[in-house]
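Okay, so here's the structure we're looking at.
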Amino acid sequence: MERLVAAVLAAGVLQVLLASADDHYLLSRIAFGSCANQSAPQPIWDAINKFDPQVFIWLGDNIYGDIRRPFIFLGKERTIGPWQNAPRFIPSSSSEMLSRYNSAKNVPGYLRLRAKAKVVGTWDDHDYGLNDAGKEFSAKSTNQRLLLDFLDEPQDSPRRKQAGVYTSYTFGPQGKQVKIILLDTRYHRDPLSSDGSVLGDSQWSWLGKELRGPPSAITIIGSSIQVISNLSGTTGPLFYMESWGRFPKERDRLFKLINDSKRDGVFFISGDVHFGEITRYDCAAGYPLYDITSSGLTQAVEKVLPSPLRFIVRFLAWFTPSTMRVKNQNCRYRSCTYGEPNFGAIQIDWDASPVNLKIQVRDINGLPVTGVDISLSELQAWNRTIKAGQDQRHCTLEVKLPWIVRYRLAILVYSVLACKQFLMLLVS
């Protein structure tokens with residue numbers, strides 16, 4: 001218990017010291033992650049601590065605060081299927097949310113991280129309070145306070161007075177500054193598939209000022225949901241995932257804002273989807289825009305199947321078309337996705353000329369599963385260095401694919417189901 005108290009006190013002191021030193025703190029190692037169920041084992045903190053980040057960024061689902069009800073196809077209350085009449089997820093009380101945050105905050109590996117690194121973050125739906133929820137959620141103000149308490153946000157912070165948890169940080173001396181912009185994709189978000197707003201007017205105005213403000217060598221934009229990838233364009237009608245791609249007007253507005261700001265060194269980090277991948281889009285700004293997705297610290301898509309059957313998930317990940325995914329020799333699997341627990345790692349070599357970024361998704365042992373090495377000179381506005389063939393490969397949106405390619409996953413699944421039904425008829 002004494003060690004626990006000492007670690008918590010040390011973490012609080014460190015947060016104060018780093019907060020006061022942001023302007024001069026040369027940042028070269030950043031870790032990030034998402035989707036950490038407070039009730040699940042969290043051995044991945046050992047690998048994160050071994051990486052020894054100076055800053056750790058939470059990208060949402062920092063706890064699972066809502067209540068997941070079981071799959072019920074038949075009966076009075078049906079939570080899934082074509083006759084669904086009851087929600088699958090329901091919100092928990094504020095006291096239960098607080099209890100879950102306390103559990104997450106006192107995980108031993110996370111305590112060790114807090115004692116030596118600055119921790120910042122935003123939220124996604126499950127720590128916001130309800131699966132897939134947006135601006136309509138009634139408990140958002142209360143849950144905003146709980147998140148900020150979890151992050152040890154100072155009581156006089158502007159984040160405690162505004163509607164939403166968006167914020168920014170700047171680290172490093174002049175000429176080697178790293179700006180971290182954290183978006184809130186929940187508080188003001190319109191309903192899914194409405195093509196309405198993701199950020200809301202006040203956050204859009206703030207973001208414009210941040211991007212047009214003083215330059216920084218590197219600008220990291222953290223979004224709880226994916227920005228570049230729009231897998232829903234190829235997984236539908238089987239299932240859909242949240243992403244900026246489901247709000248195409250908002251995503252175009254975001255790309256245009258970055259392009260018009262002429263800001264150098266911008267890339268995205270994201271979470272939410274329970275697998276890791278790296279995507280890029282070459283036709284939005286004057287240079288490639290990368291999105292490094294790390295999800296999750298405990299939640300992972302391959303866990304839905306027993307180990308001997310997880311190859312099925314890997315096959316489907318490879319079979320599902322993705323026009324934006326970066327595929328290179330750094331990928332562990334052919335799909336260049338990783339469906340087991342993972343975290344994101346960013347290393348900045350300020351001594352290299354030009355400055356070099358090594359960005360990876362790493363597994364529970366700290367080993368890379370996919371990654372990119374990016375020269376900072378590649379992320380320079382109006383200084384295109386990529387070849388035409390690469391431009392074309394990462395410029396075609398998923399929704400623009402020929403239908404036979406776009407829907408091949410659905411075609412495969414429905415064909416298998418039809419064959420199974422036909423064989424059952426033959427046997428009967």
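The values are calculated or read from the model by the stated rules, or taken from the named source; none is laboratory data. Remember, predicted model here, so these are calculated numbers, not experimental data. Glycine also receives a Cβ, built like all others from the backbone with ideal geometry; neighbour counts cover every protein chain displayed. For the accessible areas, the whole protein counts, side chains as well, though only heavy atoms, and no ligand, DNA or RNA atoms are used. Shrake-Rupley method; radii C 1.70, N 1.55, O 1.52, S 1.80 Å.
Tell me which residues, restricted to the stretch 96-138, are small (Gly, Ala, Ser), free of Cβ contacts under 8 Å to residues at least 60 places away in the same chain and more than 18 Å from Leu183 (Cα to Cα). Result: Ser99, Ser138.
Please verify whether the stretch 94-108 includes one or more residues that are among the basic types (Lys, Arg), open to solvent by 50 Å² or more (accessible area, probe 1.4 Å) and under 26 Å from Tyr169 (Cα atoms). Spell out how you get there, then give the answer.
As a first pass, look at the stretch 94-108 and keep what is among the basic types (Lys, Arg): 100, 105.
Remaining after also requiring open to solvent by 50 Å² or more (accessible area, probe 1.4 Å): none.
No, the stretch 94-108 contains no residue that is among the basic types (Lys, Arg), open to solvent by 50 Å² or more (accessible area, probe 1.4 Å) and under 26 Å from Tyr169 (Cα atoms).
Out of (1) within 29 Å of Asp46 (Cβ to Cβ); (2) of a type in the set (A, V, I, L, M); (3) open to solvent by 10 Å² or more (accessible area, probe 1.4 Å), what's the single condition that is false for Ile90? Among (1) within 29 Å of Asp46 (Cβ to Cβ); (2) of a type in the set (A, V, I, L, M); (3) open to solvent by 10 Å² or more (accessible area, probe 1.4 Å), Ile90 violates only (1). Kindly establish whether Phe150 is in contact with a helix residue (DSSP H, G or I) (Cβ under 8 Å, 6 or more places away or on another chain), open to solvent by less than 30 Å² (accessible area, probe 1.4 Å) and either more than 25 Å from Gln347 (Cα to Cα) or without any contact (Cβ under 8 Å) to a residue 40 or more places away in the chain (or both). So Phe150 passes the test. Among the residues of the stretch 40-87, those that are touching a residue at least 60 places away in the same chain (Cβ under 8 Å), part of a loop (DSSP other than H, G, I, E, B) and at negative phi comprise Ala40, Pro41, Gln42, Pro43, Pro53, Gln54, Asn62, Ile63, Tyr64, Gly65, Asp66. Scanning the stretch 389-417 for residues that are under 26 Å from Ser232 (Cβ atoms), assigned to a helix (DSSP H, G or I) and open to solvent by less than 60 Å² (accessible area, probe 1.4 Å) yields Asp391, Glu398, Val405, Arg406, Leu409, Ala410, Leu412, Val413, Ser415. Restricting the first residue to the stretch 189-208 and requiring it to be at pLDDT below 95, which pairs with a second residue that is of a type in the set (Ser, Thr, Tyr) and open to solvent by less than 20 Å² (accessible area, probe 1.4 Å) meet a Cβ separation below 7 Å and a spacing of at least six or different chains? Listed by first residue and then by second, the contacts come to nothing, as the list is empty.
Just one of the numbered conditions (1) over 20 Å from the mean Cα position of the chain (by Cα); (2) closer than 28 Å to His126 by Cα is not true of Pro308: (2).
With the structure loaded, tell me whether Arg362 is closer than 22 Å to Phe255 by Cβ, open to solvent by less than 50 Å² (accessible area, probe 1.4 Å), of a type in the set (Lys, Arg) and modelled with pLDDT of 95 or more or whether it fails that test. Judged against the criteria, Arg362 is not a match. Checking the stretch 209-232 against the condition returns a match, with at least one residue being in contact with a Leu (Cβ under 9 Å, 6 or more places away or on another chain), over 19 Å from Thr293 (Cβ atoms), open to solvent by less than 10 Å² (accessible area, probe 1.4 Å) and modelled with pLDDT of 95 or more. Say whether the condition of being among the β-branched types (Val, Ile, Thr), out of contact with any Leu (no Cβ under 7 Å at 6 or more places or on another chain) and modelled with pLDDT of 95 or more is met by at least one residue in the stretch 381-402. For the stretch 381-402, residues among the β-branched types (Val, Ile, Thr), out of contact with any Leu (no Cβ under 7 Å at 6 or more places or on another chain) and modelled with pLDDT of 95 or more: absent.
Residues in the stretch 314-336 that are open to solvent by less than 30 Å² (accessible area, probe 1.4 Å), part of a loop (DSSP other than H, G, I, E, B) and in contact (Cβ under 8 Å) with a residue 40 or more places away in the chain: Thr320, Pro321, Ser322, Thr323, Met324, Val326, Cys336.
One line per residue, one yes/no per condition, for (1) touching a Leu at 6+ places or on another chain (Cβ under 7 Å); (2) closer than 15 Å to Gly371 by Cα; (3) among the acidic types (Asp, Glu):
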site: Lys249; (1), (2), (3): no, no, no
site: Asp252; (1), (2), (3): no, no, yes
site: Leu257; (1), (2), (3): yes, no, no
site: Thr293; (1), (2), (3): no, yes, no
site: Gly296; (1), (2), (3): no, no, no
site: Gln299; (1), (2), (3): no, no, no
site: Ser307; (1), (2), (3): no, no, no
site: Thr320; (1), (2), (3): yes, no, no
site: Asn342; (1), (2), (3): no, yes, no
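Could you tell me whether the stretch 106-119 includes any residue that is under 27 Å from Ser243 (Cβ atoms) and among the β-branched types (Val, Ile, Thr)?
Residues of the stretch 106-119 that are under 27 Å from Ser243 (Cβ atoms), as a first pass: 119.
This time we only want the ones that are among the β-branched types (Val, Ile, Thr), so: 119.
Yes - at least one qualifying residue is present in the stretch 106-119.
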